[in-house]
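Below: one structure, written as structure tokens.
Read-outs throughout are calculated quantities, based only on the coordinates presented, and are distinct from any laboratory measurement. The shown structure was predicted, so the numbers you read here are calculated from the model rather than taken from an experiment. For neighbour counting, all protein chains shown are included, and Cβ atoms are generated from backbone atoms with ideal geometry for every residue, glycine included.
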Amino acid sequence: MAKIIVKQVKSVIGRPEDQRKVVAALGLGRVGKTKELGDTPAVRGMVAKVSHLVEIVEK
């Protein structure tokens, strides 16, 4: 399975609860933290929902 690296670039302070939960479900929680995840439609959907808070890092 292909992998993607997701990096949190903005804080969740002041964001709606659903966005906070998506960031936590991705395994993030602090600005600058990265996580390698499987490149599945579910993960891509979560990244799209909080695209203003995270970015996909190229290897």
Expressed as a rounded percentage, what relative contact order does the chain have, with Cα pairs under 8 Å and six or more residues apart?
54
Using Stokes-Einstein with the Kirkwood hydrodynamic radius over Cα pairs, what translational diffusion coefficient do you get for the chain at 10 °C and a viscosity of 1.306 mPa s, in µm²/s rounded to a whole number?
141
Most positive-pole-ward Cα, VAL6, ALA48, GLY32, against dipole of the chain from beta carbon charges
GLY32
Between VAL57 and residues 5 or more places away or on another chain, which pairs have amide H atoms under 5 Å apart, with H built 1.01 Å from N, and which residues are they?
ILE5, VAL6, LYS7
Using a simple charge model, +1 on the beta-carbon of Lys and Arg, -1 on the beta-carbon of Asp and Glu, nothing else, what dipole does the chain show about its Cα centre, in debye to the nearest 20?
160
